[in-house]
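Q: Sharing a structure, written as structure tokens. Questions coming.
The values are calculated or read from the model by the stated rules, or taken from the named source; none is laboratory data. Only a predicted model underlies this, so the values are computations on that prediction, with no experimental measurement involved. All Cβ positions, glycine included, derive from the backbone under ideal geometry; neighbour counts span all protein chains shown. Calculation scope for accessible area: heavy atoms of the full protein, side chains included, ligands and nucleic acids excluded. Shrake-Rupley method; radii C 1.70, N 1.55, O 1.52, S 1.80 Å.
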Amino acid sequence: MEMPLPEPEILARRSFILDRLAAVLPKDGLIADAAQTRAYECDALTSYRCAPMAVVLPRSTAEVAAVLRICHEEGVPVVPRGSGTSLAGGALPTADSVVVGVSRMTAVLETDYPNRFIRVQTGRTNLSVTAEIENQGFFYAPDPSSQLACAIAGNIAMNSGGAHCLKYGVTTNNLLGVTLVQMDGTVMEIGGPYMDAAGLDLLGVLCGSEGQLGVVTEATLRILPKPEGARPMLIGFDSNEVAGACVSDIIRAGIVPVAIEFMDRPCIVACEDFAHAGYPDCEALLIIEVEGSPDEIDAQLEMIAQIAKTHHPVELRESRSAEESRKIWLGRKSAFGAMGNINDYICLDGTIPVSSLPEVLRRIGELSATYGLDVANVFHAGDGNMHPLILFNANLPGDLDKAEALGADIMRLCVEVGGCLTGEHGVGVEKRDLMGVQFNPQDLEAQMQVKDVFDPKWLLNPAKVFPLQASASRRAAIA
Amino acid sequence: MRPDSEAELAEMVRTAQEPLWIMGGGTRRLGQMAQGHILETGGMSGIVLHEPGALTLVARAGTPLALIEAELAQAGQRLAFEPSKMARLQGRSGETTIGGIVAANASGPGRIQGGACRDSLIGVRFVDGQGYVIKSGGRVMKNVTGYDLVKLMAGSHGTLGVLTEVSFKLLPKSEASATLRLDGLADAEAIAALSRALGSPFEVNGAAHLPGVGTFLRLEGFAKSVAYRSAQLRMLLGGDVMTDGAEALWADIRDVAPFWEQAGDVWRISTKPSEAATLGARLGAEAVFYDWGGGLIWARMAPGTDVRARMGSVVGYATLIRASAGFEGTFGHFAPEPAPVAALSAGLRAKFDPKSVLNPGLMG
Ligand SMILES: Cc1cc2nc3c(=O)[nH]c(=O)nc-3n(C[C@H](O)[C@H](O)[C@H](O)COP(=O)(O)OP(=O)(O)OC[C@H]3O[C@@H](n4cnc5c(N)ncnc54)[C@H](O)[C@@H]3O)c2cc1C
């Protein structure tokens, strides 16, 4: 992975810059000691590491603004960071950068049930937002599997999704407003506790901009009343094609389940070995969850069962109790753990049109055979968001390169059938160099123009999203 | 000017020396057209792709909304955001196009649950102010590849580019619908009732209050489920399920029918529901009604009334949708933004439309 070389000129002024930062932060707010900055050398994409020049952990928007103003004046790159769970290397530092971590900014600023929103500092974790409002019967809908750890800050920057987004949408559909600190330290409110203000949708373009347009310190989030109940059903099939056709029929019938999860044989086997969830021995498995009152749930599951039966499932298991629901979800929820247990893996997340599902799975199988690396598939089938897990051995020289090459081929395949490189994890450094597969130079130019406006010196989160050649002239002009 | 293709449009914009006033059906255009040319999108029309099993639709920007709705109805599907038609409110005769809907991010009552137009929009192609063809998003439901220019284009009123193609995710049409009607509630009580309903697990997807007429809650879904949920809501709030006229009622709310052929300026205000009743009273309007559980106020005002001044410090945003004859230039259609936000918006317009030829001055 190519990264821009650190500016010697910045490194030479290191102690002067650190003194300036220390002057605007509380005593424990600046970390410059190499032993400690190492904790920030990577996110969940651990194959790439680089400790930053320093880490700051502010407690308020004002402190963030003061830090950014100094970095702007000194020409120092800034890498915003939430909890560091990005799978795309979105929070990977450069050696001359300052990491601005919001992990100490976890306060709930306002909860408003009649108007159905919550305002939080963005270092707060996703799950603890829901925890705050749960006893009033509300929840925050986007639920990435990493929700115990990941912060609202990272969710906004990556426009993260979750298992339930088929019904409730992803982060951008649940975000009402933010407090944004621009690179030069300017603080502004964008959006607020109301819907669809006119004016350009700056909030829409901020969400998913991977920390390259500003540091988000506070967020107003839409909250929803919890459904009365939810229950899953498990259906096993003897081919991926048939499982895919069943998904399509369910959608055509007018049913919108909250979740439709798909697992293929390699994934089923690994999960079963790991979690002993009692999954059937079959080629493809669907877990479908519906919500509502007990009667509503029964009625929907009945309709889904009817449809599934026309596809001759090898197994059809409707949950009858909380314990059975837990068992149905058990394998799926431990999928990543199961894979991590037997192998190193890369997790991709390209989206494809649902109709291409069988073709794409077949071709991933062929690619996997060609490369000699196993691929297990577990994904959100309702919206076509794939999660191929490429299994490799990090201790085997060359295996990571091979896995990455296979990953690139799978991503190209997703684009070729009409889909995209990433459905929820973001581009980061991981997919940066493949952007040209999906976009032509003009498309990328338009995106980079947005960055020119928000961050004219291109100091925020360097070397992410755009191929280095594409951004080279801009970075050179400023250096 | 009426290009028949994206390439022809790109050439027109590339060579444009004078402002281009972009027009779909001309039904919801805001602002005055000064010198320059009208650029009609109607030549770029037609559905490019409708894949019912994947809940996706791609259409050229000049496609009439009616054509899209007919196609979707045939497949038992719909657009979740319930696009509105503004021709009657504006006293115009054109036909609403899908590109115009997107350019205005226009959403009806269903927005409260199904999201706004921008939430259903999953891809765009457009020609920017220099004549470059640009795409963002695509035809899949989940996509975080690169910056989300899709959202930026929705609601940009043609000031960043001329849309040529738009893609949506769809919803199945509901099997059944029921509307609960509550009578005799004052505005504040009515909005409190709407808030209670929207805070319940019963999946309300329409919540409006028409002062002097009634307070309305809509439920949609499978028949049994709708019956169950409307019974639950009645236990919570009272009221009766309407036996007829509900569909027309929601269409009227969507298209602002209460203000058709009524004199005065028409304003649209986004606010917090809990402030809506106070704000509604403070406006001194000729008439108001409330949608989105009180989060959206439609107000008909005596010509030339400064609604933004009357709002005072109330949280929210007022857009002038229809100015009375003789008062066209009195207020900007769009509320002034705080300086740093305005600077970013202006910066984006300068990048996407450096010649300042696309609906110049409309948004600021
Ligand atoms: C086991 C596992 C499961 C996962 N499951 C899912 C899933 O189901 N769905 C999903 O979408 N993702 C998933 N992820 C990916 C990841 O959790 C998300 O991308 C998450 O939103 C990242 O949040 P974070 O706080 O950890 O951000 P970080 O990793 O710290 O940063 C992510 C990006 O956000 C930027 N950023 C951070 N803070 C700010 C800020 N204050 N202002 C501006 N930019 C900022 C960073 O620069 C970086 O580009 C998973 C990850 C793991 C490890």
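Q: Apply the Debye scattering formula to the range A:237-298, with a single equal point scatterer on each alpha-carbon and no solvent, then give log10 I(q)/I(0) at q = 0.25, 0.26, 0.28 Å⁻¹.
A: Rounded to two decimals, the profile gives -1.03, -1.06, -1.12.
Q: Here is a further query. Name the long-range amide H neighbours of A:Leu176: under 5 Å, sequence gap of 5 or more, or other chain; modelled H, no Pro or chain starts.
A: For A:Leu176, the qualifying residues are A:Thr220, A:Leu221, A:Arg222.
Q: Still on this model: Take each of the peptides B:316-328, B:117-129, A:390-402, average the number of other beta-carbon atoms within 10 Å over its residues, and list them starting from the highest.
A: My ranking of the peptides, most packed first, is B:117-129, B:316-328, A:390-402.
Q: For a Förster distance of 60 Å, can you work out the FRET efficiency between the beta-carbons of B:Met235 and A:Glu2, rounded to the nearest 0.05?
A: Numbers: r = 64 Å, r/R0 = 1.06.
That pair, B:Met235 with A:Glu2, gives E of 0.40.
Q: Here is a follow-up. Mind listing the phi-derived Karplus ³J(HN,Hα) values for the range A:238-254, rounded to whole Hz, using 6.51, -1.76 and 1.60 with θ = phi - 60°, and x for any glycine or proline?
A: So the Karplus estimates, Gly and Pro as x, are 9, 7, 5, 4, 5, 4, x, 5, 5, 4, 4, 5, 4, 5, 5, 6, x Hz.
Q: For the range A:1-53 and the range A:330-358, what is the centre-to-centre distance using only Cα atoms, to the nearest Å?
A: 33 Å
Q: So how do B:Arg310, A:Arg432 rank on accessible area, 1.4 Å probe, biggest first, that is with the largest at the start?
A: Most to least solvent-accessible, the answer reads B:Arg310, A:Arg432.
Q: Got a sec? Charge dipole of the protein assembly as shown, +1 on Cβ for Lys and Arg, -1 for Asp and Glu; which of B:Gly264, A:Tyr40, B:Met235 is way out at the positive end?
A: B:Gly264
Q: Just in the range B:40-77: which GluC sites (Glu not before Pro) are loop by DSSP and have at most 10 other Cβ atoms within 10 Å?
A: Nothing satisfies the criteria.
Q: Right, here's the next one. Quickly work out the A:Ala369-to-A:Ser15 label distance, labels modelled 7 Å from Cα along the C-beta direction, and quote it in nm with one decimal.
A: Going by the 7 Å Cα→Cβ label model, 6.4 nm.
Q: Please find, in a Gaussian network model of chain B (springs between Cα atoms separated by less than 10 Å), the residue of B:Thr15, B:Thr63, B:Thr305 whose mean-square fluctuation is greatest.
A: B:Thr15
Q: Here's another thing I want to ask about it. Which one, A:Leu127, A:Val55, A:Cys71, is farthest towards the positive end of the dipole of the range A:48-177 when Lys and Arg carry +1 and Asp and Glu -1 on their Cβ?
A: Positive-most Cα among the choices belongs to A:Leu127.
Q: Where in the range A:205-251 are there GluC sites (Glu not before Pro) that are in a DSSP coil and have at most 14 other Cβ atoms within 10 angstrom of their Cβ?
A: Nothing satisfies the criteria.
Q: Looking at the range A:341-479, what % of the alpha carbon pairs are farther apart than 21 Å? Numbers along the way, then the final one.
A: Details: 4577 of 9591 pairs.
Summing the P(r) of the range A:341-479 above 21 Å gives 48 percent of all pairs.
Q: Residue-wise, which Karplus ³J(HN,Hα) couplings in Hz belong to the range A:394-407, taking 6.51 cos²θ - 1.76 cosθ + 1.60, θ = phi - 60°, and x for glycine or proline?
A: Residue by residue, the range A:394-407 yields 5, 7, 8, x, x, 5, 4, 4, 5, 4, 5, 5, 4, x Hz.
Q: At q = 0.17 Å⁻¹, work out log10 I(q)/I(0) for the range A:31-140 with the Debye formula, treating every Cα as an identical point scatterer and leaving solvent out; two decimals please.
A: Each listed q maps to, in turn, -0.84.
Q: Another one. Please build a GNM for chain B, connecting alpha carbons under 10 Å apart, and tell me which residue among B:Ala178, B:Ala116, B:Ala339 fluctuates the most.
A: In this elastic network of chain B, the residue with the biggest mean-square fluctuation among B:Ala178, B:Ala116, B:Ala339 is B:Ala339.
Q: For a label point 7 angstrom out from the Cα of A:Lys402 toward its Cβ, which stretches of the range A:35-74 have the backbone nitrogen within less than 12 Å?
A: Under 12 Å, as judged by backbone N against the label point of A:Lys402, lies no residue of the range A:35-74.
Q: Can you give the Rg/Rh ratio of the range A:195-300, where Rg is from the C-alpha atoms and Rh is the Kirkwood radius? Spell out each step's value before the answer.
A: Values: Rg = 19.6 Å, Rh = 17.5 Å.
Radius of gyration relative to Kirkwood radius: 1.12.
Q: Moving on to the next point. Of A:His387, A:Val247, A:Leu224, which is farthest towards the positive pole of chain A's charge dipole, taken about the Cα centre with +1 and -1 on the beta-carbons of Lys, Arg and Asp, Glu respectively?
A: A:Leu224
Q: For the range B:340-351, in order, what is each residue's ³J(HN,Hα) by Karplus, 6.51 cos²θ - 1.76 cosθ + 1.60 with θ = phi - 60°, in whole Hz (x at glycine and Pro)?
A: Residue by residue, the range B:340-351 yields x, 5, 4, 5, 5, 4, 5, x, 5, 5, 5, 6 Hz.
Q: With charges set only on the Cβ (+1 for Lys and Arg, -1 for Asp and Glu), what does the dipole of the protein assembly as shown come to about its Cα centre, in debye to the nearest 20?
A: On the way: 72 positive and 96 negative charges, 310 e Å.
Using Cβ point charges on Lys, Arg, Asp and Glu, the protein assembly as shown gives about 1480 debye.
Q: I've got another one for you. Sort largest first and round to whole Å: the equivalent ellipsoid semi-axes of the protein assembly as shown, each the square root of five times a Cα gyration tensor eigenvalue.
A: Values for the protein assembly as shown, descending: 39, 35, 27 Å.
Q: Could you sort out which of A:Lys431/B:Lys351; A:Lys327/A:Lys464; A:Lys464/B:Lys135; A:Lys226/A:Lys431; B:Lys85/B:Lys169; A:Lys431/B:Lys135 sit more than 29 Å apart by Cα distance in this structure?
A: A:Lys327/A:Lys464; A:Lys226/A:Lys431
Q: On to the next question. Can you tell me the alpha carbon radius of gyration of the range A:108-225 divided by the globular rule-of-thumb value 2.2 N^0.38 Å?
A: For the range A:108-225, the normalised Cα radius of gyration is 0.98.
Q: Can I ask one more? With only alpha-carbon pairs counted, each pair once and no self-pairs, how large is the Kirkwood hydrodynamic radius of chain A in angstroms?
A: 23.4 Å
Q: Using Cα pairs under 8 angstrom and six or more residues apart, how large is the relative contact order of the range B:176-254, in percent?
A: Details: 107 pairs, mean separation 32.5, N = 79.
Relative contact order, the range B:176-254: 41 percent.
Q: Could I ask something else about it? Extending each Cα 7 Å along its Cβ direction at A:Ala35 and A:Thr106, get the distance between those two points in nm, one decimal.
A: The two pseudo-label positions are separated by 2.4 nm.
Q: Using packing as a proxy for protection, rank A:191-204, B:78-91 so that the peptide with the highest average count of other Cβ atoms within 10 Å comes first.
A: Sorting A:191-204, B:78-91 by mean packing, highest first, produces A:191-204, B:78-91.
Q: Taking loop as defined by DSSP and a crowding limit of 15 other beta carbons within 10 Å, which trypsin sites (Lys or Arg not before Pro) in the range B:167-204 fit?
A: Hits after loop and neighbour filter: B:Lys173.
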